[in-house]
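Student: One structure is given below, represented as structure tokens, and several questions about it will come after.
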Amino acid sequence: MNAPVRYSAVATDGKARAGTLSTPHGEVATPGFMPVGTRASVRSIDSADLVAVGAEMVLANTYHLMLRPGSEIVARLGGLHGFMAWDGPILTDSGGYQVFSLGPKIDEEGASFRSVYDGSLVRLTPEDSVRVQQELGPDIAMVLDELIGLPSPRPAVESAMERSLRWAERALAAHSRGDQALFGIVQGGSDEELRGRSARATAALGFPGFGIGGLSVGEPPELRNRALAAAIMELPAAKVRYVMGLGDVDGVLDAVERGADLFDCVWPTRLARHGKVLTIDGDFNIRRAENADDPDPIHPECSCSTCSSYSRAYLRHLVVTGELSAHRLLTIHNLHFTLDVLRRARAAIVAGTFAEFRLGVAGRRTFSDRGAGG
Ligand SMILES: [Zn+2]
């Protein structure tokens, strides 16, 4: 049987690589970024806006959708693609990230937690997560893994990594949907040896693609970069590598340099809702008083629809008066910017000039507020 999801590299430049991810709902140019549609909606924008900003693939959260409206309802309404009127590729996470942030009771079978919606007790096992994601119907589903905060003692990181491997085997055994790929997830905290071991063991299970999870949780960028490199070194070149929860431009380009292909993060969209805009020369808050009578766009080089039509002064006015359209217009800009940087990174890899491109971006982003994802 043909795998539902295939990766092929188009060009490499050092360890950085440009490629194509083929899915049942179309192709994604990599390195690529997935906007996060937590509840089958990227907050404040719709599926038509996603097309306009150049998004090729979106992520939705299993945890939220299994609680509201419930995966059975989504399945009856055509799966996520039909439900949210998005014809492109979709990836769902396993629900693990949200569950583990709630401080669940974990045992070998799975995790028990309270619903954020009504406080009821919910059980999530690796098999449950697969069943729910098969009902939601994304192109790519993720295995449930045991997440652990960083820093944590090495034995705790190792034990969570090993349990994640056992859960990955159970998820594979439970997965049966032929038009959907199930990806494994590399764990191991910021420990390079554990990352390497987790990557080898996860690769040996034969998944068609791999997430690298448990990073971008507040650890220093140097630690994250080393852990990423240790994991990627052990993953097969013929399969896609997705760094989960990473989405700040500097962190993403560090990861691309080390051979990562795919990213997701709430960062660009969450910042937009706080008035913060991302630009190639650094990030700033549109609320700043100096923007009050500025007729210029957010950035002169940006070709997004917001920058094509609206001044900083107008956008600041919308933000300070609490107009709802501010969220949409700034979200469009931040997503367009993030996606555009990755398109340019891909072109640089194809041209063999990625190192110069990387240095050029670093040199320009002089007042960047670095930060982790989440
Ligand atoms: Zn713009």
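The values are calculated or read from the model by the stated rules, or taken from the named source; none is laboratory data. None of the values given here were measured: they were computed from a predicted structure. Please note: Cβ atoms are built from the backbone with ideal geometry, for glycine as well, and neighbour counts cover all protein chains shown. Only protein heavy atoms, including side chains, enter the accessible area calculation; ligands, DNA and RNA are left aside. Shrake-Rupley method; radii C 1.70, N 1.55, O 1.52, S 1.80 Å.
Student: If I filter segment 132-154 down to residues being in a helix (DSSP H, G or I) and touching a helix residue (DSSP H, G or I) at 6+ places or on another chain (Cβ under 7 Å), which single residue comes out as surrounded by the fewest Cβ atoms within 10 Å (Cβ to Cβ)?
Tutor: Among them, the one singled out is Glu135.
Student: Now a separate question. What number goes with the only condition from (1) under 15 Å from Gly110 (Cβ atoms); (2) at pLDDT 95 or above; (3) under 18 Å from the mean Cα position of the chain (by Cα) that Leu147 does not pass?
Tutor: (2) is the only condition that Leu147 fails.
Student: Please work out which residue is nearest to Val243 (Cα to Cα), limiting yourself to segment 20-45 and to residues that are surrounded by fewer than 23 Cβ atoms within 10 Å (Cβ to Cβ), of a type in the set (Gly, Ala, Ser) and touching a residue at least 60 places away in the same chain (Cβ under 8 Å).
Tutor: That would be Ala29.
Student: Show the residue pairs meeting these rules: Cβ distance below 6 Å; 6+ apart or different chains; first residue within segment 98-123 and β-branched (Val, Ile, Thr); second residue assigned to a loop (DSSP other than H, G, I, E, B) and surrounded by 14 or more Cβ atoms within 10 Å (Cβ to Cβ).
Tutor: Every condition considered, the pairs that remain are Val122/Ser115.
Student: Counting just the residues of segment 304-328 that are near the ligand (Cβ under 10 Å from one of its atoms) and touching a residue at least 60 places away in the same chain (Cβ under 8 Å), which one comes out most open to solvent (accessible area, probe 1.4 Å)?
Tutor: Checking each candidate, the answer is Ser305.
Student: Just for helices (runs of 4 or more DSSP H) wholly inside segment 1-110: which have at least 1 residues that are farther than 27 Å from Leu253 by Cβ and modelled with pLDDT of 95 or more?
Tutor: Fully inside segment 1-110 and qualifying: 47-53, 62-67, 71-76, 79-83.
Student: Let me ask something additional. Quick one: in segment 86-109, which of the residues that are open to solvent by less than 30 Å² (accessible area, probe 1.4 Å) and β-branched (Val, Ile, Thr) is farthest from Val51 (Cα to Cα)?
Tutor: Of everything passing the filter in segment 86-109, Val99 is farthest from Val51 (Cα to Cα).
Student: Just to be sure I understand, how many residues within segment 213-244 are of a type in the set (Gly, Ala, Ser), touching a Leu at 6+ places or on another chain (Cβ under 8 Å) and closer than 19 Å to Thr202 by Cα?
Tutor: 3
Student: Same structure, new question: Looking at the structure I just gave you, is Pro300 open to solvent by 10 Å² or more (accessible area, probe 1.4 Å), farther than 19 Å from Arg328 by Cα, more than 12 Å from the ligand (Cβ to nearest atom) and not hydrophobic (A, V, I, L, M, F, W, C)?
Tutor: In short, no.
Student: Do we have Gly245 as open to solvent by 10 Å² or more (accessible area, probe 1.4 Å), within 15 Å of the chain's Cα centre (by Cα) and either at pLDDT 95 or above or of a type in the set (Gly, Ala, Ser) (or both) here?
Tutor: In short, yes.
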